[in-house]
Amino acid sequence: MAGLIQVRERPRTAPVTTTPSYTITDNGNTTMKVVVRIRPESQAESSSGAAIITRVLDSHVLVFDPKPENLPSFNSPLNIFKKRAPILGRKHRDLRFAFDRIFDETSTQRDVFEESTKNIAESVLDGVNCSVFAYGATGAGKTHTMLGAAGSPGVIFHTMLELYRCIGRLKDEKCFEVAVSYCEVYNETIRDLLNCTIDGGSLELREDSKHGLVVSRLSRHQPKTAEELLGMLESGNKNRTQHPTDANATSSRSHAVFQVYVHQRPRTAAITAQMTCAKLSLIDLAGSERATVTTNRGARLREGANINKSLLALGNCINALAENKTKSVHIPYRNSKLTRLLKDSLGGNCRTVMIANISPSSLTYEDTYNTLKYADRAKQIKTKVVRNVLNVEFHVSRYRVIVHELQQEIAELKCKLADGIKPPPPVVKQPPETSDESKRLQDLVRRVYGERLRLRKHMVDLDTQERETLLRICRKVDQNAAYYISPFQL
Ligand code: ADP
Ligand code: MG
């Protein structure tokens, strides 16, 4: 089997060398970052006495279905592997997998965020499209990882806080516009989770050369703060389709796609400006499930079939992309709405993190094996990352706005200086009127620039002071985040 290492000897603890995540070559090529999270055993799993089939060797390597005699502590009386029931129908013994990071049962939500998505925020602000998606069987912990639970918010929450923290650091230099949308793919239809009043509920996918893939009529909202944004996420979650299944009492039966669009431009108005825009997609997939092992009937069975259809399509895309060394392989994105939505995240201009979730119990033997197999293939997927930068040269008609913005900035700088101990700077002199309006405005822009430069020098001292205040605010936000009770109801 391609990519898997069949271990015939005793597993060694020496780390397997893995490609460092996010190695971007000169031409922007990067590989998908794949991390695996093993959730703790559920009550039902531990009381069933089922065996444990995952063993983490180090932060990069795990063994699937290890031979008990190969386990270091097999002869210890405390060895839990001895007491468990034998595994029936085991087909894949002692397989060793290597990933960018493996999080064992003891890992916290913060650990997962710190080592899988924390630097995503910086990339988004650098103008790079990014995606994070959770993959795995029903009940493996995808929703827990992405959205979290009351008192233990997930990766989306922490990544958003980090994004706003980074924006806070840069807001003196740049103007930001943040917009969000949240939709779900349920039974092959797309629904807006932030505006459920749309007629018919079902939205269409369109693709054009300028904007790429867009969901038409999907509402976009502009939160001012991280708290407002998280409020939107929470209310969207309440609208999400979920039904209890055998594998998970609060099973999310839809794929949820939360997207954040960040536009930025230099704060100081100028005749030319470099604008950047980037999209961050955070995706909680519905879990795959095998109809033969569930007792789902009727609507649940139909839902399951649709979920499986889209996940099968996703699996086929992952396989095709992993083999796509020559660019001649057809990638079947069009086989489901989910894969069309994820087209950019999987094979386009995007930096992508896949969080594969698994259970440690032998009760999910085949599901865990399949998840690890697809995650292993996904490591080979290459994307090409390009910064979305637009150089804009403004028309003369915008000069008035530029002058106005510069004067506003100067007024703000003066206020800040007045708060400090420095002497107030001289007043801006109005330039003489000339007959040529455009020349006059150009002169004015130049003068105002000179003025701004002078004021900036005074600002150096105040800047240090302000950064300290900002840090204090960030720490406060962090503390609040720790106590933030978010009733994510999925
Ligand atoms: P999925 O979205 O993959 O179907 P969930 O995220 O809903 O699965 O998780 C199923 C159950 O397992 C939930 O009750 C959840 O709280 C619990 N769970 C999942 N991962 C963890 C974890 N890392 N720590 C504690 N509980 C977890
Ligand atoms: Mg879920």
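Derivation of every value follows stated rules applied to the coordinates shown; laboratory data play no part. Here the structure is a predicted model, which means the values were calculated and not measured. Note: ideal-geometry Cβ built from the backbone for every residue, glycine included; neighbour counts use all protein chains shown.
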Using modelled backbone amide H atoms (1.01 Å from N, in-plane), which distant-in-sequence or interchain residues come within less than 5 Å of S131's amide H? S281, R351, T352, V353
Would you mind checking which residues have amide H under 5 Å from I190's amide H? H placed 1.01 Å from N; only 5 or more apart, or other chain. L203
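Among 402-408, 44-50, what's the highest-first ranking by average C-beta atoms within 10 angstrom per residue? Each step should come with its number before you reach the end.
On the way: 402-408: 16.1, 44-50: 14.6.
My ranking of the peptides, most packed first, is 402-408, 44-50.
Counting Lys +1, Arg +1, Asp -1, Glu -1, what net charge surrounds V353 among other residues with beta carbon under 11 Å of its beta carbon?
Values: positive: K33, R101, K118, R351; negative: D100, E115.
So the environment of V353 carries a net charge of +2.
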Strictly over 24 Å apart at the Cα level, which of K142/K171; K343/K382; K118/K382 would you flag in this model? K142/K171
Provide the gained length on full extension for the span L170 to R334, in nm with one decimal, where the gain is 0.36 nm per separating residue minus the Cα-Cα distance. 55.1 nm
Once phi for every residue in region 161-172 is put through the Karplus expression 6.51 cos²θ - 1.76 cosθ + 1.60 (θ = phi - 60°), the whole-Hz ³J(HN,Hα) values, with Gly and Pro written as x, are 4, 5, 4, 5, 5, 5, 4, x, 5, 9, 5, 5
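Starting with the fewest neighbours, write out D376, D208 ranked by other beta-carbon atoms found within 10 Å of each beta-carbon.
Lowest count first: D208, D376.
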